[in-house]
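A quick write-up on the structure given underneath.
The values are calculated or read from the model by the stated rules, or taken from the named source; none is laboratory data. Since this is a predicted model, take the numbers as computed values, not measurements. FYI the Cβ positions are ideal-geometry reconstructions off the backbone, even for glycines, and counts take in every protein chain you see. Areas reflect the complete protein model, heavy atoms only, side chains present, ligands, DNA and RNA absent. Shrake-Rupley method; radii C 1.70, N 1.55, O 1.52, S 1.80 Å.
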Amino acid sequence: MDPLAELKQTFFQECEELLGALELKLQALDEGSVDPEDVNAAFRAIHSIKGGAGAFGCTELVGFAHVFEAALDHLRSGRVAIEDAPFTLFLRCSDAVADLVSAARNDEPATERPDLLAALEQVGKEPQAPVAAPPTPVAPAPEPVTPAANNDAPIGIAALGNLLAMVEAKTAAPASASDDGWDDEPAAAPATASDKPGRDVHLRIRPEQDLFRRVIEPRVVLGSLPAADIVSIRCDLSQVPPLESLDVSDCWMRFDVDLRTELSVEDLHGRFDFSLANEEFEISFPEPAAIDPPEVGEPAAAEQEVSNAVAADLSAILAKLGAAPEAASEPDIQPAPAPVAVAAPVVAAAEPAVARAAPRAPAAPDASARQRQAVSVRVDLDRIDKLMNLVGEIVITQSMLVECVRSLPYDVHAKTAEGMLTLSRQTRELQDHVMAVRAQPVKAVFQRMPRLVRELAQTLGKEVRLVLEGENTEVDKTIIEELADPLTHMIRNSMDHGLETPDERVAAGKPREGTIKLIAEHRAGRIVISVTDDGRGIGRDRLLAKARSRGLVGADERLQPEEIDQLIFAAGLSTAEAVSDISGRGVGMDVVRRNVESLGGRISVDSEPGRGCKFTLALPLTLAVLEGMVIRCGDDRYVIPIASVIETQHLASTPIERLPFGQEVLRWRGEVTPLYRLGDVMGSMGKTNENIVIIAETERGNNVGIAVDEIVGQQQVVVKSLEANYGAVNGASAATILGDGLVALILDIDSMLRLAASGGRPPQSDLKMAG
């Protein structure tokens, strides 16, 4: 087994997060943001991907990310104005990086994108400026070892190998080498520290031992500094333990860097945002005489002696550990020039007075993010799923114990009641904490939609504004993963069919720019997501005509407007006049409905001709455990999600009226509320008296009364899929096993109301006993 497999998996997981952050920042910049921090965040994201990819030998990914990073660096340095940057190109490159990451994860051949590379290389170039030829390497790099030949080598070997190659290159390189080794831009003739504008800065870099395990190499840390500002670098290896006790996954290198720079303290902090924590480096400002430039007469000899010493130490370490996997070839690890002098391991007897830079405010986003990362642990979702299943079984067992205790004699029951209450409370807390681990905000899905809308608007020639609300609404991660496709289909449908062209909107008295609203909220124990546009609405005449032509509706059959709207979910039915690569084949909304229903949810549509259309998804907050009210009607018991219950009251004290068409209503808090008798709707077995009414809330925010015989109690119940274990039951979203082993249906208020309107009844006889 590859010992780096776990580290690789962590790296690819981090890549997903970094790619999301990269796209989010590029979108913000493309939409008009001029915040330099957005540019820095995008740069750091691609830089981190490149650094990690180099540690694992992902050569194609490193090469592309390197060119991409160089293009973004032009924005960061101000050589290219943010207003003039080609963000459409950058977003395409972000997709290409995602493809390369996917190929590296699946060990598939990477698709080359020379067109994107050529376009990136033109960013920041002046037409009249000649292109500098790449520097000729003066010393061949050591022959790399094929990764397959030694996949067991720990990650620290690769890092030490890269550093050794750099030191050996410095030994062989003449002082006038034109490549600075830390950046892609050709270096100009170095100025002396006294001639260069700026101030003297001293950096003490003391990384933690876990630097390699964080997939960060020292060259990445030092490479974040401007090469032209570096006066000297001294590497301290005095902390390296004896070879017998050396762990190659620990970093023992310490660095002292002297700079002559115009960067501010905040800028220097920003250079280490994604590599070092605040406590891992110090910034001081020594007296001007504290940084002595190398003596003119013997720079080459001093550098040769220093490099040989460092190379000897590193060679001894690598000889003991064995060969390293092949390091990815990167343009930014070429031989370093004379201005960067690596000194032998030293422990300074006396250092200049250090004025430690004040750390940035804890409220800063990057600082707080780093603190959160320090206390977080990555856990496979499968493990959390297993934990969730065990919690569900504990809930069922606890319910069974409660039932058993109730049947005991009073004196025994009294002694165990307190213990059972404690067990119930602890079970509830355990379930809440596990659910909190699985809960994620829908922002992860919502943030993909602005780019989709922008690209479709360009393709269709429409002007569209996307409004996002409720991005921090949390829902189970399993549901989050299934939301992307349905939302994408609905957005495409609104863009293509719903919104008019700018000229059509002006002719209809509307603003040229159309609006699509994507809103998420919690309601009635579910997450409700709506997609609303202010377009032309559903063309009911055309939709009905197509449905009749396909035999979905009889020639003489008359449908209500709401029923015609629902035909949009029929398989193979589309109102598009022509088939395109966006829509028109009649499969999108049918797929959306199937996906939503497979999650135990539902989708509905409301349309107003000429005013727009609204699609509403209602999904359960979780697929595992919920808090429910157990009720009885006749011989059957049901569960109503407690989040749907507003209040309960006796039916005898509530005046009931019957409308002319037979519907019962009651007056509740000054409102006329429809009343449904559960036994009649669900076909309950046995005699019913239904003397208690439960006021519940529907997904649309309306209230409804449900008459039942008895409220048994309130408890947590484990959600069991009806479709997977029995079959779909109208009026119910799922089932659960009660403490006495009987199965109870978990009621779906909206589905039950539709069942009452249709007059059908679900089967009950086969659901009495748990298996």
**Message:** It is to be established whether one or more residues within segment 727-737 are touching a strand residue (DSSP E or B) at 6+ places or on another chain (Cβ under 8 Å), open to solvent by less than 20 Å² (accessible area, probe 1.4 Å) and without any contact (Cβ under 8 Å) to a residue 24 or more places away in the chain.
**Reply:** no
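Out of curiosity, is residue 437 closer than 25 Å to residue 625 by Cα, open to solvent by 30 Å² or more (accessible area, probe 1.4 Å) and outside any strand (DSSP E or B)? Give the steps one after another, and end with the answer.
On the way: closer than 25 Å to residue 625 by Cα: yes; open to solvent by 30 Å² or more (accessible area, probe 1.4 Å): yes; outside any strand (DSSP E or B): yes.
Criteria met by residue 437.
Every residue, every condition in (1) at pLDDT 90 or above; (2) surrounded by 18 or more Cβ atoms within 10 Å (Cβ to Cβ); (3) in contact with a strand residue (DSSP E or B) (Cβ under 7 Å, 6 or more places away or on another chain), yes or no:
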{"residue": "62", "(1), (2), (3)": "no, yes, no"}
{"residue": "92", "(1), (2), (3)": "no, no, no"}
{"residue": "97", "(1), (2), (3)": "yes, yes, no"}
{"residue": "102", "(1), (2), (3)": "no, no, no"}
{"residue": "109", "(1), (2), (3)": "no, no, no"}
{"residue": "112", "(1), (2), (3)": "no, no, no"}
**Request:** Quick one: in segment 208-225, of everything that is at pLDDT 80 or above and of a type in the set (A, V, I, L, M), which residue is nearest to residue 57 (Cα to Cα)?
**Result:** 216
**Message:** Cβ contacts < 8 Å: first residue in the same structural domain as residue 693 (by the TED database), restricted to segment 651-666; second residue open to solvent by 100 Å² or more (accessible area, probe 1.4 Å) and aromatic (Phe, Trp, Tyr), any location; separation 6+ or different chain. Result?
**Reply:** none
**Prompt:** Taking the stated definitions as given, is residue 644 polar (S, T, N, Q) and open to solvent by 70 Å² or more (accessible area, probe 1.4 Å)?
**Reply:** no
**Asked** Given 632, 585, 593, 611, which one is at pLDDT 80 or above, surrounded by fewer than 15 Cβ atoms within 10 Å (Cβ to Cβ) and of a type outside the set (A, V, I, L, M, F, W, C)?
**Response** 611
**Request:** Provide a single number: the residues in segment 238-266 that are open to solvent by less than 20 Å² (accessible area, probe 1.4 Å) and in a loop (DSSP other than H, G, I, E, B).
**Result:** 3
**Prompt:** So which strands (runs of 3 or more DSSP E) stay within segment 456-527 end to end and still have 2 or more residues that are open to solvent by 50 Å² or more (accessible area, probe 1.4 Å) and either modelled with pLDDT of 85 or more or over 22 Å from residue 543 (Cβ atoms) (or both)?
**Reply:** 464-469, 514-523
**Prompt:** Which one of the conditions (1) over 28 Å from the mean Cα position of the chain (by Cα); (2) crowded, with 18+ Cβ neighbours inside 10 Å; (3) not acidic (Asp, Glu) does residue 224 fail to meet, given that it meets all the rest?
**Reply:** (1)
**Residue tally, condition in a helix (DSSP H, G or I), without any contact (Cβ under 8 Å) to a residue 40 or more places away in the chain and surrounded by fewer than 22 Cβ atoms within 10 Å (Cβ to Cβ), over segment 19-33** = 2
**Request:** Check whether at least one residue in segment 694-717 is of a type in the set (A, V, I, L, M, F, W, C), at pLDDT below 85 and crowded, with 21+ Cβ neighbours inside 10 Å, and report yes or no.
**Result:** yes
**Asked** Of the residues 648, 616, which is assigned by the TED database to the domain that holds residue 515 and either touching a residue at least 12 places away in the same chain (Cβ under 8 Å) or assigned to a loop (DSSP other than H, G, I, E, B) (or both)?
**Response** 616
